[in-house]
Amino acid sequence: MDKIGKFEYLEHTADVYVAAHGKTLEEAFENAALAMFEVMTETDKVHADMENNFVVEAEDEFALLYSWLEALLVNFETKNMLYSQFQIAGIEETEEGFRFKAAAWGEKFNAEKHAQKVGVKAVTYHRMEILKEFNKVTLEFILDI
């Protein structure tokens, strides 16, 4: 799986500082999820055998990013699910804020198959940014490890 251009890791002293890129906000959210799981394991060794669906809602786009990554992290923590592919149906603005439906594909963690890199404890709002340019969106966020 080619990850070049999808995300990069920025300098940070203690945690993981991520910049996820996309042509759209949806694609940037997908790449943010991929970056988070790449921190934890080698995502190209995670087979997309099982599909999990998510509905994510939040009051603003920052909270939406936080809630998306947190939902995936909770599934990892509670169901041992690793993911390597993500698809977000259009992010829509609602009366309460923002909402989207997403699918994530992966498989259960297997210590013999999946290298353990760094454990992600939490997603944070610290230094979170959503940078929108013409035909490019960059999401910056810090993962507490």
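The values are calculated or read from the model by the stated rules, or taken from the named source; none is laboratory data. Bear in mind that the values here come from a model prediction, so they are computed numbers and not experimental data. Every residue, glycine among them, receives a Cβ derived from its backbone with ideal geometry; neighbour counts consider all protein chains shown.
List of remarks:
- Matching strands (runs of 3 or more DSSP E) fully within the stretch 5-96 where at least 2 residues are hydrophobic (A, V, I, L, M, F, W, C) and at pLDDT 95 or above: 16-22, 50-58, 81-88
- When T41, T78, T24 are checked against the criterion of being loosely packed, with under 14 Cβ neighbours inside 10 Å and among the hydroxyl-bearing types (S, T, Y), a single residue qualifies: T78.
- Residue pairs whose Cβ atoms lie under 6 Å apart, separated by 6 or more positions or on different chains, with the first residue in the stretch 1-24 and under 10 Å from A35 (Cβ atoms) and the second among the charged types (D, E, K, R), are A19/E8; A19/E140.
- The set of residues in the stretch 51-75 being surrounded by 14 or more Cβ atoms within 10 Å (Cβ to Cβ) and among the aliphatic types (A, V, I, L, M) consists of V56, A58, A63, L64, L65, L69, A71, L72, L73.
- Test result for V137, part of a strand (DSSP E or B), under 18 Å from L10 (Cβ atoms) and in contact with a strand residue (DSSP E or B) (Cβ under 9 Å, 6 or more places away or on another chain): yes
- Among the residues making up the stretch 103-116, those that are of a type in the set (G, A, S), surrounded by 13 or more Cβ atoms within 10 Å (Cβ to Cβ) and either touching a residue at least 60 places away in the same chain (Cβ under 8 Å) or closer than 16 Å to D60 by Cβ (or both) are A104, G106.
- Pairing each residue of the stretch 117-135 that is of a type in the set (S, T, Y) with any residue that is in a loop (DSSP other than H, G, I, E, B), provided the two are 6+ apart or on different chains, yields C-beta distances under 9 Å for T124/D15.
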